[in-house]
Amino acid sequence: PRCAFSPPPADVAAAVEFVGHTTSLPNLTHRSVITTVTAKDPAANGQATPSVISQYYGITDHSCKQGSFAVFETIGQSYAPSDLTAYDQRFGVPPQTVSKVIGPNNPSACSANPNNCVEAELDVQVITAIAQDGDNVFWSIPGDESFLQWIDAVASDPTPPLVHSISYGAPESDEPAAQAKNFDAEVSKMGARGLTVFVASGDDGVAGAGARGNSGACGFNPSYPATASHVTAVGATQGPESGEPEIACQSNKGGGITSGGGFSNVYSRPSWQSAAVEAYLSNPSANLPPSSMFNEKGRGYPDVAAMGHNYPIAVGGNFYAGSGTSASTPLVAGMTALANNARIAAGKKSLGFLNPALYQFDSSVFNDITSGENNCAAGNSAPVCCTYGFTATTGWDPVTGLGSPHFPKFLAAAMALP
C-alpha cells in the first residue's frame with residue numbers, strides 16, 4: 001500500500017514540484033484487441049502485412065542503419081525472438097533482431113499465454129518490419145509508475161534511442177495533475193536532446209476502456225500520456241488492409257477498436273496546434289458534441305494516425321490478428337526512424353520534438369481522413385456506442401489528427417527541416 005500524501009518540509013517545499021512513487025497507482029492498459037487467425041495465409045485475409053502497409057504508404061526503402069528506436073513495455077509484457085523470426089519469415093521481411101533488452105523479458109511466457117506477450121510482440125514486429133536493421137531497444141519497465149520510471153531512465157542514458165514508441169495508457173483523471181505536468185516537462189527535455197516520443201491515443205474512442213461492455217461509463221475521458229503536449233499522439237485508421245478507402249478505425253464498422261481522441265483536462269492547448277484546432281471547432285461539418293462535455297481549450301489529440309486494424313502477430317509460435325493504436329504507433333515511429341536515418345546520412349540532426357513541424361507541414365503530407373466517429377468503445381461484436389463522440393472531417397480532428405503520413409512527402413518535408 002502507498003502512504004498518504006505528506007507535504008515536504010517548509011524550507012524545501014518551494015523547490016518541490018511533485019513527489020513520485022508515493023500515492024499514484026495508475027491503471028495502465030495496453031491497447032490491442034486480438035483474435036485467432038485460422039487462415040494459412042493472413043495476407044489473403046485482409047490483413048495489415050508489412051507489404052500492404054509499405055505499398056499503401058509508399059515506403060520503398062526500409063534501411064534504418066543510422067536511425068535508432070525503442071519500444072516501451074510494461075505490465076509484464078515480453079517478446080520472444082523466435083516469434084520475431086517466424087513473423088519475418090512469414091511475411092518476407094529480412095531477418096530482424098532486437099539489439100538490446102533493458103529490464104525484464106521472459107520469452108517462455110509467450111507460449112504459456114499469448115496475453116503475456118501480444119502487446120510487446122506487436123510493437124517489436126511492426127517497428128522492425130518498417131525500420132529495418134536499426135539499432136533498437138526493447139525497454140521494459142517493471143513497477144507501478146512505469147512512465148515516471150521510464151522517463152528517469154531515459155534521462156540518465158547518455159545515448160538513448162532517437163525514437164520511442166509507447167502503446168500503453170491510463171485515464172488522464174487517474175494521474176495527479178502535478179505528476180502529469182512534470183512528465184511532460186521531462187519529455188520536452190527529451191525533445192531538446194533530439195528524441196521523439198510517440199504514444200497511442202487509445203482504443204476506446206472518447207470514453208476510454210471503462211466503457212468496454214459498460215454504457216454507464218460513457219463520457220469524455222482523455223487518455224494519458226497521449227494528451228501530453230510534447231509527445232506525438234497516434235490514432236488509428238482502417239480500410240487499406242482490405243483495399244478499401246482509409247477511414248477512422250471504428251469498432252462498430254468492424255475495426256475491433258475505435259481511435260481514441262479528444263481534449264486534455266490537464267494540458268492547455270499548445271500554440272503550435274491552435275490554428276488547426278480552431279479551424280476544427282469552427283467547421284460546421286464537425287458535428288461537435290455539446291461544448292459542456294469537453295475542454296475545447298485543452299491540448300487536442302491525436303496528432304496523426306495510421307492503419308491500426310487487423311495486424312498479424314506471431315505469439316508463442318501461433319499467429320493472431322490484432323487491432324489497435326498499439327499497431328499504428330510503432331508504424332509511425334518506424335516511419336520517423338527512417339526519416340531520421342535519411343537526415344543523419346545527409347549530415348543533419350535527428351528530428352526531436354516533432355509536433356510544431358507536423359502542424360506546419362503542407363496538408364499534402366498527410367492522407368486526410370474525413371470519415372468516422374469515435375463514440376464507440378472497443379469490441380469485436382456489439383461494442384458499446386455512446387451518444388456522443390467526435391467526427392472526422394477535413395483537416396485536423398480529434399479522431400485521426402492531421403491524417404496518416406504519405407511517406408514520400410513526409411520524408412521530403414522532414415528532410416527540408418534544418
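The values are calculated or read from the model by the stated rules, or taken from the named source; none is laboratory data. Small disclaimer: the values here were computed from a predicted structure and weren't measured. Positions of Cβ are backbone-derived with ideal geometry, glycine not excepted, and every protein chain shown enters the neighbour counts. These area figures cover heavy atoms from the full protein model, side chains too; ligands, DNA and RNA do not enter into them. Shrake-Rupley method; radii C 1.70, N 1.55, O 1.52, S 1.80 Å.
Yes or no: the stretch 332-349 includes at least one residue that is on the phi > 0 side of the Ramachandran plot and either open to solvent by less than 10 Å² (accessible area, probe 1.4 Å) or in a helix (DSSP H, G or I) (or both). Looking through the stretch 332-349, none of the residues is on the phi > 0 side of the Ramachandran plot and either open to solvent by less than 10 Å² (accessible area, probe 1.4 Å) or in a helix (DSSP H, G or I) (or both). Condition test on S381, is it open to solvent by 30 Å² or more (accessible area, probe 1.4 Å), at negative phi and of a type in the set (S, T, N, Q)? So S381 fits the description; yes.
Evaluate the following for P418: is it assigned to a strand (DSSP E or B) and in contact with a Lys or Arg (Cβ under 8 Å, 6 or more places away or on another chain)?
Values: assigned to a strand (DSSP E or B): no; in contact with a Lys or Arg (Cβ under 8 Å, 6 or more places away or on another chain): yes.
Spelling it out, it is not the case that P418 is assigned to a strand (DSSP E or B) and in contact with a Lys or Arg (Cβ under 8 Å, 6 or more places away or on another chain).
The numbered conditions (1) over 21 Å from R193 (Cβ atoms); (2) not in a loop (DSSP other than H, G, I, E, B) are all true for G143 except (2). Considering the conditions (1) open to solvent by less than 40 Å² (accessible area, probe 1.4 Å); (2) of a type in the set (A, V, I, L, M, F, W, C); (3) at positive phi, F366 is excluded by exactly one of them, (3).
Across the stretch 59-88, what is the total count of residues that are β-branched (V, I, T) and part of a helix (DSSP H, G or I)?
Step one: list which residues in the stretch 59-88 are β-branched (V, I, T), which gives 59-60, 71, 74-75, 85.
From what is left, the residues that are part of a helix (DSSP H, G or I) are 85.
Counting residues in the stretch 59-88 that are β-branched (V, I, T) and part of a helix (DSSP H, G or I) gives 1.
Quick check on Y56: is it outside any loop (DSSP other than H, G, I, E, B), modelled with pLDDT of 95 or more and buried (at least 24 other Cβ atoms within 10 Å of the Cβ)? Considered against the rule, which asks whether it is outside any loop (DSSP other than H, G, I, E, B), modelled with pLDDT of 95 or more and buried (at least 24 other Cβ atoms within 10 Å of the Cβ), Y56 comes out as no.
Of these, V187, V199, which one is within 16 Å of the chain's Cα centre (by Cα) and part of a helix (DSSP H, G or I)? Result: V187 is the single residue among V187, V199 that is within 16 Å of the chain's Cα centre (by Cα) and part of a helix (DSSP H, G or I). The single condition among (1) in contact with a Gly (Cβ under 7 Å, 6 or more places away or on another chain); (2) assigned to a loop (DSSP other than H, G, I, E, B) that T393 does not satisfy is (1).
With respect to C110, determine if the residue is open to solvent by less than 10 Å² (accessible area, probe 1.4 Å), over 19 Å from the mean Cα position of the chain (by Cα) and of a type outside the set (A, V, I, L, M).
Numbers: open to solvent by less than 10 Å² (accessible area, probe 1.4 Å): yes; over 19 Å from the mean Cα position of the chain (by Cα): yes; of a type outside the set (A, V, I, L, M): yes.
Taking the combined requirement at face value, the residue satisfies it.
Note on the stretch 304-331: residues that are part of a loop (DSSP other than H, G, I, E, B) and crowded, with 24+ Cβ neighbours inside 10 Å amount to 4.
Of all the residues in the stretch 89-118, those that are more than 16 Å from F319 (Cβ to Cβ), out of contact with any Gly (no Cβ under 7 Å at 6 or more places or on another chain) and part of a helix (DSSP H, G or I) number 3. Tell me which residues, restricted to the stretch 266-298, are in contact with a strand residue (DSSP E or B) (Cβ under 6 Å, 6 or more places away or on another chain) and open to solvent by 80 Å² or more (accessible area, probe 1.4 Å). Answer for the stretch 266-298, where residues must be in contact with a strand residue (DSSP E or B) (Cβ under 6 Å, 6 or more places away or on another chain) and open to solvent by 80 Å² or more (accessible area, probe 1.4 Å): just N287. Scanning the stretch 72-86 for residues being open to solvent by 10 Å² or more (accessible area, probe 1.4 Å) and either of a type in the set (D, E) or free of Cβ contacts under 8 Å to residues at least 12 places away in the same chain (or both) gives a total of 1.
Quick one: in the stretch 202-254, of everything that is of a type in the set (A, V, I, L, M, F, W, C), open to solvent by less than 20 Å² (accessible area, probe 1.4 Å) and not in a strand (DSSP E or B), which residue is farthest from M190 (Cα to Cα)?
Narrowing the stretch 202-254 to residues of a type in the set (A, V, I, L, M, F, W, C): 206-207, 209, 211, 217-218, 220, 226, 228, 231, 233-234, 236, 247-249.
After this cut, where a residue has to be open to solvent by less than 20 Å² (accessible area, probe 1.4 Å) as well, the list is 206-207, 211, 226, 228, 231, 233-234, 236, 248-249.
Filter once more, keeping what is not in a strand (DSSP E or B): 206-207, 211, 226, 228, 231, 249.
Values: V206: 28, A207: 30, A211: 33, A226: 16, A228: 13, V231: 10, C249: 30 Å.
The selected residue is A211.
Selection within the stretch 255-265: residues that are open to solvent by less than 10 Å² (accessible area, probe 1.4 Å) and of a type outside the set (A, V, I, L, M, F, W, C). The member of this set that is nearest to P240 (Cα to Cα) is G255.
Per-residue answers, yes or no, for (1) surrounded by fewer than 19 Cβ atoms within 10 Å (Cβ to Cβ); (2) under 18 Å from Q66 (Cβ atoms); (3) within 16 Å of the chain's Cα centre (by Cα):
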site: Q96; (1), (2), (3): no, yes, no
site: K100; (1), (2), (3): yes, yes, no
site: A120; (1), (2), (3): no, no, yes
site: G134; (1), (2), (3): no, yes, no
site: G143; (1), (2), (3): yes, no, no
site: F147; (1), (2), (3): no, no, yes
site: S156; (1), (2), (3): yes, no, no
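Inclusion of Q89 among residues that are surrounded by fewer than 21 Cβ atoms within 10 Å (Cβ to Cβ), within 16 Å of G334 (Cβ to Cβ) and out of contact with any strand residue (DSSP E or B) (no Cβ under 9 Å at 6 or more places or on another chain) is not warranted. In the condition set (1) crowded, with 24+ Cβ neighbours inside 10 Å; (2) more than 19 Å from A48 (Cβ to Cβ), V124 is compliant with all but (2).
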